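Laboratory data are not the source of any read-out in this text; all were calculated from the coordinates shown. Values in this document were obtained by computation on a predicted structure and should not be read as measured data. Backbone-built Cβ (ideal geometry, glycine too); neighbour counts: all protein chains shown.
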Amino acid sequence: MTTDCERAQQSLLDGAPASDPAVREHIAVCSRCDAVIRTFDEISATARELRGTWESPELWQRIESSIRTEVAGTRAATGRLRRWHDPRVWQIAAAFVLVIGIGAVAMRVATTSPDGEEYDRWLLRESALQEVEKSEKAYMQSIDRLSSLVEPAMDDASTPLAIAYREKLMLLDSAIAECQAAIDANRQNAHLRHQLLAVYREKNRTLQDLVREEANDQQITAESDSAVSQH
Amino acid sequence: MRESATAILSYGHFVTDASHVSMRSSAAQSDDARMAEACARGDSAAFEEIYRRHGERMKSVAFNHLGTTADAEDAVQEAFLKIHRGASSWNGEASFSTWIYRILINTCYDMLRKRKRRPDEAPIELLPEEGNASRPVDTSMRLTLRKLLGRLPEQRRSVFLLFEVEGLSHAEIGAILGIREGHSKWLLFTAKQELQKLWRMSTREVTP
């Protein structure tokens, strides 16, 4: 391709090949460029005939109808939205929610009747709780008995061991009080119940140790007294 | 002869020159804004006005993109619905009429993509008046060109149709397709180069 051919092609890009005299001269002598430009012109001439016109008597009615339907739909949607701003709608909705809520509660009560599976689970939980409370009671009775035995010794604790025991019992009492306060707020909390039982167990063991120590002391004192009297 | 850009896209109070979008007069801009507002409201008179002024050209553009009058009418109807839905978001960057043609062409692209067939495989419909022997260009040539246009990529085909068939300027085409004026020229040139090759081949096949 020569420079003149390139120039002719360039003029095609600009859309006016025949207006440039130099290009016109080149086309006259270059059959290749002449053929290209002729084809371009032929295509353009044919393209101008492609403009489609035909009668469509119903098209406007179709367009108008579809727009009207769309507008009506939009207005209905807007109207529905506007209706939500009416306080009466909210009152009705609130009443509706209330009725539904009551219904749901009633339904739940009905489905969790003693015949239901839920009731069985509840019963199991309740019986386990009763067992725990029974154990607690047993520990408390034992603790009461032991406490009555060690009480005089604790009141006038003077030895380091007795003082240590008394402090330990005070700590355990304080832990028991905390656990009981928490259990009062949530009776079915298994973890708290477990902790309380553990503290009771510890207090019971401590009191038993204390009673044992007390007995040993008394025995030692008695043996000592008898030895003194024999002498 | 090529019609002037203003004459093609602008009629009556739609008068705008898309080649000078930024220089559009304030009167034209306010007219466009009023028209957009009316379309957003669903004002039937506004749509009727658009149809009266642009309907024929819209049908032609759609027909040359889609190949059948039924599809073209469906595309025009769909474009009008999209104009109603989108008129409130028209921002005035391009003239309202330019925006209308942009919507139409995008609607045609959507319809072409929904088709299973490629555009060149779709049946080519002959318009009633095309059978008229008194027309300057042979019917077979028109059908050949229509078929060859189906082989072009969509943007090149649109540029060719808007420039060569509908007579729009490159500035207007650029505004409609969202491309630069120079790019529009380049796309037309490449479209014609491609068509030229195909045209020669097809005419060689036809010629005994």
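Some observations on this one:
- Shielding by partners - mean other protein chain Cβ count within 10 Å, residues of A:54-62: 5
- With the simple model of a label 7 Å out from the Cα in the direction of the Cβ, A:Arg32 to A:Asp184 spans 10.8 nm.
- Among the listed pairs B:Lys82/B:Lys185; A:Lys137/A:Lys168; B:Lys59/B:Lys114; B:Lys82/B:Lys192; B:Lys114/B:Lys147; B:Lys59/B:Lys147, those beyond 24 Å (Cα-Cα): B:Lys82/B:Lys185; B:Lys82/B:Lys192
- Label reach from B:Glu194 (point 7 Å along Cα→C-beta): in the range A:44-62, amide nitrogens under 18 Å belong to A:44, A:47.
- Test item: A:38-44 mean partner chain Cβ contacts at 10 Å: 6
- A straight Cα-to-Cα reach below 17 Å connects B:Lys197 with the aspartates and glutamates A:Asp34, A:Asp41, A:Glu42, B:Asp120, B:Glu205, residues fewer than 8 places away in its own chain not being considered.
- Taking packing as the residue-averaged number of other Cβ atoms within 10 angstrom, the listed peptides B:91-101, A:141-151 run from highest to lowest as B:91-101, A:141-151.
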